[in-house]
Amino acid sequence: MAAGAPMGAGNSSRIYKGSGWKLLFPSWIIIGIFLLAPVLMMGVYSFLTKEFRGGVIWQFSLDAYDQFFFDRGLFGDEPPRLEWTYIGIFWRSIWQAGLATLACLLIGFPTAWFIATRDPKSRSTWLFLVTIPYWVNLLIRTVSMKFLIRDTGPLNEFLLSIGVIDAPLGLINTNFAVQLGLFYSYLPFMVLPIYAAVERYDFSLSEAAADLYAGRWTILRLVILPVVKPGIVAGCILVFVPSLGAFLAPDLLGGAKTFMIGSLIEEQFKGNAGNWPFGAAASMILLTIVMCVLLVYARNQNKVEAR
Amino acid sequence: MASSEIAVSVDQVVKRYGSVTALHGVSLDIRENEFFTLLGPSGCGKTTLLRAIAGFEDVTEGHIRLKGQDLIDQPPFKRPVNTVFQQYALFPHMSVTENVMFGLLRKSWSRQEAERRAQDVLELVQLSDFAKRKPGQLSGGQQQRVALARALAPRPEVLLLDEPLSALDLKLRQAVRMELKAIQRETGIAFIFVTHDQEEALTMSDRIAVMSAGHVQQVGSPREIYETPVNRFVADFIGETNLLDVQVLSVTGGVAQVLMPGNRNFKCPAAAVVNAGPGHLSVRPERISVCAEAAGDLSATVTGHTYLGTDIQLHVKLVDGEAMSVRLQNAETTLMPETGAVVGLSLEAGAARLLAD
């Protein structure tokens, strides 16, 4: 800790001394059974041989990763060429998830700002309103979205009836529909952390900046955004990560062209046609990408604090 | 006085929040190169007035002029005044230097010039060694200096200070007072300082405006405010005083003839607006001395003592039952009457003052 910094709780106070880790025993069990074990299993499965009816044969094999990255022709006897299909799906998924994150940020930040600047009594009402739709199952919400935006759905019928459009917009099965689905699914994950950060924001900082000749946009850019940045980053991670692996929105609202990682992985484990080691390998690759994003963020954060 | 000597002119400023009126037509002239203090209890409107000058609050009526130029329609970021905030409001994500440079860069100084200016100002507040630290790594007193440096850096026409010392502990507060005053002298700009601490106001200010309930009660030098208060509020708020109920017999040429409790006659200066009839006499406890019962202006019974270190406070009761306090120096030569003793109290000439309500 830097010299002169306020004493943090928990480093020297006798209140915090003692064997607190024993109390964590239940947590360790939960984390072990439901988090570490499945990831470990997936890692192991990705290096096994596939069984054609689904499932695995316990025999070490790199086939799953090989299939992901290399094309060896129809019969597997040609020299390996880089396989672009799955990399393309991954790239498209990252792009889609990024766009959804951006959309959530653009809508979520002003929303969070609005809520955090209401008087304290009405804030909880606004937060409640934001979270109400999330009491309904995600599947049902996504299907409802499909009914809303399909060519014969209320949105198109309304726009046709008031004469804004001559023909249905044809929204369904497009990237836009997937975007809409992702945006709608994960918006609160953006709003809530930003709200928490803005609520703690000291508005005299804005006054100080205005006093020092900063206009409104300058205040936003140089003071507000840097100060609430932890909330924004948390919101972006919370939206980006599940969007990347989402399969409901692309499956139900998108078409063949909007195939995403989530759907690819899901297919490998569905019915008898699947390929478990390949699904596991794709999951491991996805996990690696997410870990890299988080590590880069964590390292950045440390650098900022150490400065 | 020539108008060029006026830095800030507050002209009939009214501020209403819904049905509540925070400022009732306040008018003040703050001179250039002056340490001017707005003093009053919380809720008296002093902070509202400061924020109106800074531009954070709109005024309902009236004008605020800076060197003759009307500021009312200008947003805070266009006013050439800077503020030191009560909780400092330092930008937590910027270093000390970046904080100080913030205003300069917004005024389109070059980076190089801004850095040089920041160095100079940090030297002025003796913080050069801490330039690279973040505000979170500084003590309260150091943060206060950064806030001061940040506000001084763009060379404002007027510096506004909103209770900047209230977050510091007593020893530090006393040291910073003298420093602040020295910096004001060195920079030569007008400081408008808001505080509820009368000691702070008396020790630092060139002039003080005492405010209460949205009105300015009195404007004057610390000595004028303390020694010739215009009304009961000012006398009571500044320092300690005894307020005696007396009968005013006559007022001529600023001198009043009054009948004291115990029916002794007494002559004293009067605030201009006092008429004959019941009145209030303000007597500072340190301007009273104890003498033989018959020789005093007042006769009193001693009811107790309080030890204050440099002084001893004597609690006495007058014949009509009114309580008074008298301060005697804690010296070997001071004669200290016993509890229960009947003594005379003699008031120094000019020590007592007849006040309007």
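Taking the range A:174-232 and the helices (runs of 4 or more DSSP H) fully enclosed by it, the elements with 3 or more residues that are at pLDDT 90 or above and within 14 Å of chain B (Cβ to nearest Cβ) are at A:204-211, A:216-219. From the list B:84, B:100, the one residue that fits, being within 12 Å of chain A (Cβ to nearest Cβ) and touching a strand residue (DSSP E or B) at 6+ places or on another chain (Cβ under 6 Å), is B:84.
For the range A:1-47, taking the residues that are touching a helix residue (DSSP H, G or I) at 6+ places or on another chain (Cβ under 6 Å) and either at pLDDT below 90 or within 14 Å of another protein chain (Cβ to nearest Cβ) (or both), the one that is nearest to residue A:267 (Cα to Cα) is identified as A:10.
Scan the range A:67-110 for residues that are touching a residue at least 60 places away in the same chain (Cβ under 8 Å) and small (Gly, Ala, Ser) and jot them down.
Selection gives A:93, A:97, A:98, A:100, A:103, A:108.
For the range B:173-199, taking the residues that are in contact with a strand residue (DSSP E or B) (Cβ under 9 Å, 6 or more places away or on another chain) and among the aliphatic types (A, V, I, L, M), the one that is surrounded by the most Cβ atoms within 10 Å (Cβ to Cβ) is identified as B:192.
Could you check the range B:81-102 and list, in sequence order, the residues that are within 29 Å of the chain's Cα centre (by Cα), modelled with pLDDT of 90 or more and of a type outside the set (A, V, I, L, M, F, W, C)? The answer is B:82, B:83, B:88. Considering each residue of the range B:167-179 in turn, none proves to be without any contact (Cβ under 8 Å) to a residue 40 or more places away in the chain, in a loop (DSSP other than H, G, I, E, B) and within 14 Å of chain A (Cβ to nearest Cβ). Filtered by the rule that a residue be of a type in the set (A, V, I, L, M) and either within 21 Å of residue A:218 (Cα to Cα) or part of a loop (DSSP other than H, G, I, E, B) (or both), the range B:109-124 gives B:114, B:118.
Looking at the structure I just gave you, is residue B:352 of a type outside the set (S, T, N, Q) and farther than 20 Å from residue B:240 by Cβ?
For residue B:352, the condition - of a type outside the set (S, T, N, Q) and farther than 20 Å from residue B:240 by Cβ - is not met.
Selection of the range B:283-330 for residues being within 27 Å of residue B:231 (Cβ to Cβ) and either among the hydroxyl-bearing types (Ser, Thr, Tyr) or outside the structural domain of residue B:260 (by TED's automatic domain parsing) (or both) yields B:289, B:325. Identification of strands (runs of 3 or more DSSP E) wholly contained in the range B:1-108 with 3 or more residues that are under 28 Å from residue B:167 (Cα atoms) yields B:6-17, B:20-31, B:35-39, B:81-84.
Which condition number in (1) assigned to a strand (DSSP E or B); (2) at pLDDT 90 or above; (3) not small (Gly, Ala, Ser) is the one that residue B:202 fails? Status for residue B:202: all satisfied but (1).
Residues checked against (1) within 14 Å of chain A (Cβ to nearest Cβ); (2) more than 21 Å from residue B:9 (Cα to Cα); (3) not aromatic (Phe, Trp, Tyr):
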| position | (1), (2), (3) |
| --- | --- |
| B:139 | yes, yes, yes |
| B:144 | yes, yes, yes |
| B:191 | no, no, no |
| B:195 | no, no, yes |
| B:203 | no, yes, yes |
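The values are calculated or read from the model by the stated rules, or taken from the named source; none is laboratory data. Please read these numbers as outputs of a predicted model, since none were measured by experiment. Backbone-built Cβ (ideal geometry, glycine too); neighbour counts: all protein chains shown.
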